[in-house]
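All remarks here apply to the structure that follows.
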Amino acid sequence: MPIPEVDLTVYPDLCDAYGHLNQAAFLSLFERARWDMLARGPGMEVFTRSGIWPAVRRTVIDYHAPAFPAEVLRFEQSLIHRGRTSFTMRQTARRLRDDTLIATAEFLFVCIDRDGRPTAVPDVFADFMSRGAREQSDARRITVNGVTLAVEVKGQGPAVLFIHGYPLDRTIWRFQLAGLEGFRRIAPDLRGMGESDAPDLGYSLATYADDLVALLDTLGIEQAVVCGLSMGGYVVFELLRRYRSRIRGLILMDTRADADSAEARKVREVAAVTARESGAPAIAQEMTARLWAQASAQRIPDLVADISDRMGRTPVAGIVGALMTMRDRPDSLPLLRSLKGLPTLVLVGDEDHITPIDRAAVMAEAVEGAILREVPGAGHLPPLEQPEFTNRSIAEFLHRLH
Ligand code: MLT
C-alpha cells in the first residue's frame, strides 16, 4: 500500500477577511493530514503504543498559491530523512480540481519518551513511510461509494471477480490474474486492505458488497462469476443476498457458510484489541502461523514472506472493520440451499485448518449440483500454494459454464 493521500476541504472559518485560507490554518491542516494518514495506515497510536511522542522541533512552510472556501486540497506525505531519534516529513498541499501546488512544508520531529528524553523512531512507522518508494503498483484506482479502491483488471471475455480474504489483498490472486486467459479477471483490494482507502468506520458485508457492485458498474460489467476466498466468500454470500441477478456462478474457496460461534466471536474481539494495541504486524504474525500447508514455508518461502509483509502493512482500521464484520455475519447455509442449481465450484486446501474440508463439504452439499474439489498440498491459500491446480480447476469450471 502506498502512503495514503489525504483530501481536506477548506472551510470558511479557516479563511481571512479576504477569503484566503489563512497562513496559520495551514499548520492545522498539515497536522490533520498526518493523523489521517496514520489512521489509514499503522493507526494513530503508532507512536504512543511504544510510549513515544513525536514532538515538532522545526517547521518550514512555503506558500505558493491561495486557496479558498469549499476547495478540496490533496495532501501528500513523504519521509525525507530518518535519523535514530528524529525524522523529517515533507508534505505538499495541491488543489484537487486542477493540481495547483498550494503549499509545501517540512516538519522535523524528535521522538521523545514520557520524561522528554529522545528515543528511537519506531520501525513500524519508518517502514510505513518508506513503502511509497519501495512499491510500484500497477493497480488502477477506481473511486466507488466514497472510497478509492485499487483494482487489477486483466484480459477480455466473460468476467470473473476475485475477492480476497482477511487481512490480505488482491495479490493473493497474482497467478489467476497472470493465467486464466480468455476471461476478464478483476481483482480489487477491499476497502480497508491492500492499497485501497481505509476509512475509520463504516465496515460491513453490505458495504463491501455495494463497493464491488459499484465497481462492476464502473467497469460496465452486468454479470460476473464471483470467486471469494475465506472472508471473500462471506462477501460473496452478501452479494447473493443483495445482487443475485449480477452473479453468473460461484467459486467458493477455503470459506465457510456458518456464522461465528460465541467462542469465535470472542476471539475476533481479542484480535481487534491486539490490532489496536500492537498494530498489524502482530496480526500478521498470528495469521502466518495458520495460513499455510506444512510444506509451504520451505517450498515457497518468498511468497510466505511477501504475504506476511503485506498483512503487516494492512491499515488497523481495515483490520478492525473486517474483524467486526466477520464476527457479526449471519449463517449463510439457508441462502446456499435456496440457490437452486446456480453453477458452483467449492475448492479447499486439504491442509486448511482455518476453514477446513468439512466446512467446504457442507457448502457443496447445500448447493444443488455443486462441485467439490480438494486442493492437495494447500492450506488456506490454494491460489498461491497450488496455482496450477487452482487455475486448472477454475478454468474447467468456467469453460463448462460459458
Ligand atoms: C480469512 O482468511 O478471510 C479469515 O481467516 C476468515 C475468518 O477468520 O473467518
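Structural descriptor for the chain: relative contact order 15 percent, calculated from alpha carbon pairs under 8 angstrom and at least 6 residues apart.
Of the peptides 119-129, 320-330, how do they stack up when ordered by the mean number of other Cβ atoms within 10 Å, highest first? Could you put the intermediate results ahead of the total?
Values: 119-129: 18.6, 320-330: 20.4.
Put in order of decreasing packing, that is 320-330, 119-129.
For segment 93-112 and segment 313-391, what is the separation of their Cα centres, given in Å? Taking the Cα centre of each part, segment 93-112 and segment 313-391 sit 44 Å apart. Among the chymotrypsin sites (Phe, Trp or Tyr not before Pro) within segment 10-77, those in coil by DSSP and having at most 11 neighbouring Cβ atoms inside 10 Å are TYR18.
With N the number of residues in segment 6-134, Rg(Cα) / (2.2 N^0.38 Å) evaluates to 1.11. Quick one: 3J(HN,Hα) in Hz for segment 265-272, Karplus 6.51/-1.76/1.60 with θ = phi - 60°, rounded, Gly and Pro as x. For segment 265-272, the Karplus-derived couplings read 4, 5, 4, 4, 5, 5, 5, 5 Hz, x marking Gly and Pro. Here is how the number arises for the chain: DSSP H runs of 4 or more residues each give -39500 (n - 2.57), the sum is divided by the residue count, and the result at 222 nm is -11000 deg cm²/dmol. Take segment 1-126 with all the other protein chains still there, run a 1.4 Å probe, and you get 51 Å² of accessible area per residue.
If you put +1 on each Lys and Arg Cβ and -1 on each Asp and Glu Cβ, how big is the dipole of segment 13-57 around its Cα centre, in Debye rounded to 20?
260 debye
With contacts taken as Cα pairs under 8 Å and at least 6 residues apart, segment 6-134 reaches a relative contact order of 28 percent. The mean of 1/r over all pairs of different alpha-carbon atoms in the chain, once inverted, gives a Kirkwood hydrodynamic radius of 22.5 Å.
Could you state the number of Å between the C-alpha centres of segment 273-310 and segment 22-53? The two parts, judged by their Cα centres, are 28 Å apart.
I'd like the carbon and sulfur percentage of the solvent accessible area for the chain, probe radius 1.4 Å, heavy atoms only, ligands and nucleic acids excluded.
Details: 8560 of 17130 Å².
The computed percentage sits at 50.
Which of these, PRO383, PRO343, PRO301, has the largest mean-square fluctuation under a Gaussian network model of the chain (Cα springs below 10 Å)? Highest fluctuation of the listed residues: PRO301.
Calculated on the Cα set of segment 219-373, radius of gyration then Dmax: 16.5, 46 Å.
Considering only PHE26, PRO376, MET253, the residue lying farthest towards the positive end of the dipole of the chain is PHE26, judged by Cα position with unit charges set on Cβ. Rounded to the nearest 20, the Cβ-based charge dipole of segment 140-401 about its Cα centre (Lys and Arg +1, Asp and Glu -1) stands at 600 debye. For segment 68-140, applying the loop criterion from DSSP together with a ceiling of 12 other beta carbons within 10 Å to the trypsin sites (Lys or Arg not before Pro) yields ARG84, ARG97, ARG114. Only Lys, Arg, Asp and Glu carry charge here, each on its Cβ (+1 for the first two, -1 for the last two); on that basis segment 6-134 has a dipole of about 460 debye about its Cα centre.
Which percent, nearest 5, of DSSP beta bridges in the chain are antiparallel?
Details: 43 of 66 bridges.
The antiparallel fraction comes to roughly 65 percent.
The values are calculated or read from the model by the stated rules, or taken from the named source; none is laboratory data. Keep in mind the model is a prediction, meaning the values are calculated, not measured. Heads up, the Cβs are rebuilt from the backbone with ideal geometry, glycines too, and the neighbour counts pull from every protein chain shown. Side chains included, ligands, DNA and RNA excluded: accessible areas come from the protein's heavy atoms. Shrake-Rupley method; radii C 1.70, N 1.55, O 1.52, S 1.80 Å.
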